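For reference, the structure discussed in these notes is given below.
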Amino acid sequence: MTARTIVFFPEQAYGPTKNCVGIANVLRERGHRIVFIVEESFRGTQEENGFEERVMRLGPPPPADAPEEAPGQFWIDFIRDTAPVFRKPTIEQLGEFIAPTWQALIDGAKHVDERLVEIFDDVRPDVVVEDNVVCFPALPASGRPWVRITSCNPAEINDPAIPPFSSGYPVADRSGWAAFLDEVRRTHGDLWADFDAFVRSRGAPGLTYGELGPEFIHESSWLNLFLYPEEADYARSRPLAPTWHRLDSSVRATEAPWELPEHLRDGDGRGALIYLSLGSLGSADVALMQRLVDVLGATRHRVIVSKGPLADQIRLHESMTGEGFLPQPSILPLVDLVITHGGNNTVTEAFHHGKPMIVLPLFWDQVDNAQRVDETGSGVRLSTYGFEDGELTGAIDRLLADGALRDRLARMSARIQAAPGTARAADLIERVARTGEPATR
C-alpha cells in the first residue's frame, strides 16, 4: 500500500500519548509517515521514538529567565494546587475542579488554534488522529479526515443508562444522577456557551448540549475509537453510531524490558508481588504515596513502586523497588495485583494482563473506573484519603485468595491478547487514510 501521512495529536499527558505511540508504532512498521504534534515541554520525546514532531504551545511562553519546564509541568502544577478538592464528593468537585479543568483545556485550545492550522497546512496529513477530551476547531474546520480516540472511561460517551461522567456513581443506583447533571449544567453552562461560540467562529461545526449535559468535542464523521474491554463495559440504552469501534486494550509493545531485582525474586514464604502506581500526576501527592508505601511496607508482600515526578521525596522499604518512571507494560505481566489511581491506561492494561486491582481514585474518569472495577467484581474501590490501613491490607488478602476471580481475569486476558487493539486501531486508521471514507462497523 502507498505510504500515507498520519498525524497523531494526543492530549499532552503521559496516558493518551503512550496510547497513541502504541498505535503509531504499528503504522510506522507498515511504512507510513508518522508525525506527532507535541507541546513544547515534550519536545524531543517522540523524536526519540523515531517519529517526526511538530511543536506547539497551549499557552504563552514562560519568561526568558524561567527554569526549563518538565514534560507536562502545567498539569503537575495544576493538580498540586487543586489536590485538596479530591477529598470532597464528586458533585462538589464539579465547580471547584472539573469546571476549572475544562476551562484550562479550553484556554489551551483557543491559544493553539492558529498554530494547528499552520501545522496541518505544512504536513498535509491524509488523516489526523486525536486523543483529546476537548475540541480543537482547526481540525474539524480543516475538512481533512480525522479520528477521535476516547481513552477515558467510556462514560465520557453519554448514554441515559450510564452514570454521569466523573461522578463515580454506581450503575444500579440512579438516585443521585439527576442532581449531579443539574450541577453540571449550573457549573459548566457558561463556559460551554463561550467555547461553542469560539468553535463556530473558527469555522468548525457547533458543539452540542443535550439532556445529558454539554459536549466539548465532536464525534468524528470518519472514525471513533474507545478503549475498554467488553467484559467491563457498560450496557447502553442507545446504540453508538456505526463509526464507533471498541478497542479492548491498546498496549504498546515497545517498552524496554525490565527485570525484578534479585532481592525481590521468588523464594519460600515470600509474599505476593504488587505494583503500585498513582500515575504521573497522582504520584505528585507525596504524602499519599508515602502513606501507601508505609502501609505496604508493613506487610510480607513485595512491591514495585512507580514513584513519579517527585521520586526523590518518596522513601521505600526493603521489600520494595521503584523509580520515577517505569516501563509499565513490561512489569504488569510479572505481578499478582495492581494498586492504581484508576487512570484508563493502567486499568485497561491491568485487564489486558488479567490482574485484579485496588483502585484509589483522585479525579476525572478515575472515579468512574474505580466504581466500574468494583461493581464488575474485578477489584476493590477504596476511599483514597479515608481508607483504614486494615481496609487496604484486607482487600489485598481477599483478592489474592480469590481463585475464581483469578480464573475469570485470565480468560479475559487471553481473549483480549488474541486480538491486539493496537493492530485493530491501525487497520481502521489505515482504512480512513487510504479511502478518505468513514470506517463503519
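The values are calculated or read from the model by the stated rules, or taken from the named source; none is laboratory data. Quantities reported herein were computed from a predicted structural model and do not represent experimental measurements. When we count neighbours, we look across all protein chains shown, and the Cβ atoms used for this are built from the backbone with ideal geometry, even at glycine.
Could you please tell me which pairs satisfy a Cβ distance under 6 Å, a separation of 6+ or placement on different chains, a first residue in the stretch 320-343 that is in the same structural domain as residue 304 (by TED's automatic domain parsing), and a second residue that is part of a strand (DSSP E or B) and acidic (Asp, Glu)?
none
Any residue at all in the stretch 119-131 that's within 13 Å of residue 212 (Cβ to Cβ), at pLDDT 95 or above and assigned by TED's automatic domain parsing to the domain that holds residue 223? So that I can check it myself, show each step before the final result.
Within the stretch 119-131, the first condition is being within 13 Å of residue 212 (Cβ to Cβ), and the residues that meet it are none.
Within the stretch 119-131, not a single residue is within 13 Å of residue 212 (Cβ to Cβ), at pLDDT 95 or above and assigned by TED's automatic domain parsing to the domain that holds residue 223.
Please verify whether the stretch 159-179 includes one or more residues that are at pLDDT 95 or above, hydrophobic (A, V, I, L, M, F, W, C) and closer than 17 Å to residue 243 by Cβ. If you could, list the steps in order and put the result at the bottom.
We begin by selecting, within the stretch 159-179, every residue at pLDDT 95 or above; these are 159-179.
Filter once more, so that each one left must be hydrophobic (A, V, I, L, M, F, W, C): 161-162, 165, 171-172, 177-179.
Applying the additional criterion that residues be closer than 17 Å to residue 243 by Cβ yields none.
Within the stretch 159-179, none of the residues are at pLDDT 95 or above, hydrophobic (A, V, I, L, M, F, W, C) and closer than 17 Å to residue 243 by Cβ.
So, in the stretch 196-253, of the ones that are without any contact (Cβ under 8 Å) to a residue 60 or more places away in the chain and hydroxyl-bearing (Ser, Thr, Tyr), which residue ends up nearest to residue 163 (Cα to Cα)?
209
What about residue 440, is it of a type in the set (Ser, Thr, Tyr) and in the same structural domain as residue 283 (by TED's automatic domain parsing)?
Details: of a type in the set (Ser, Thr, Tyr): yes; in the same structural domain as residue 283 (by TED's automatic domain parsing): no.
In short, no.
Can you say whether residue 148 is surrounded by fewer than 21 Cβ atoms within 10 Å (Cβ to Cβ) and in the same structural domain as residue 93 (by TED's automatic domain parsing), as far as the supplied structure shows? Break it down into steps so the answer makes sense when it comes.
Working: surrounded by fewer than 21 Cβ atoms within 10 Å (Cβ to Cβ): no; in the same structural domain as residue 93 (by TED's automatic domain parsing): yes.
Taking the combined requirement at face value, the residue does not satisfy it.
When you scan the stretch 1-26, how many residues do you find that are within 15 Å of residue 123 (Cβ to Cβ) and in a helix (DSSP H, G or I)?
Keep residues of the stretch 1-26 that are within 15 Å of residue 123 (Cβ to Cβ), which gives 3-9, 24.
Remaining after also requiring in a helix (DSSP H, G or I): 24.
Residues that pass the stated criteria total 1.
If we scan the stretch 205-224, do we find a residue that is in a helix (DSSP H, G or I) and either among the aliphatic types (A, V, I, L, M) or crowded, with 20+ Cβ neighbours inside 10 Å (or both)? Spell out the reasoning first.
As a first pass, look at the stretch 205-224 and keep what is in a helix (DSSP H, G or I): none.
Scanning the stretch 205-224, I find no residue that is in a helix (DSSP H, G or I) and either among the aliphatic types (A, V, I, L, M) or crowded, with 20+ Cβ neighbours inside 10 Å (or both), so the answer is no.
Taking the criterion of being out of contact with any Pro (no Cβ under 8 Å at 6 or more places or on another chain), assigned to a strand (DSSP E or B), within 20 Å of residue 399 (Cα to Cα) and modelled with pLDDT of 90 or more, would at least one residue in the stretch 277-298 satisfy it? Full working, then the answer.
Within the stretch 277-298, the subset out of contact with any Pro (no Cβ under 8 Å at 6 or more places or on another chain) is 277-279, 281-282, 285-298.
Applying the additional criterion that residues be assigned to a strand (DSSP E or B) yields 277.
Next cut, within 20 Å of residue 399 (Cα to Cα) only: 277.
Filter once more, so that each one left must be modelled with pLDDT of 90 or more: 277.
Yes, some residue in the stretch 277-298 is out of contact with any Pro (no Cβ under 8 Å at 6 or more places or on another chain), assigned to a strand (DSSP E or B), within 20 Å of residue 399 (Cα to Cα) and modelled with pLDDT of 90 or more.
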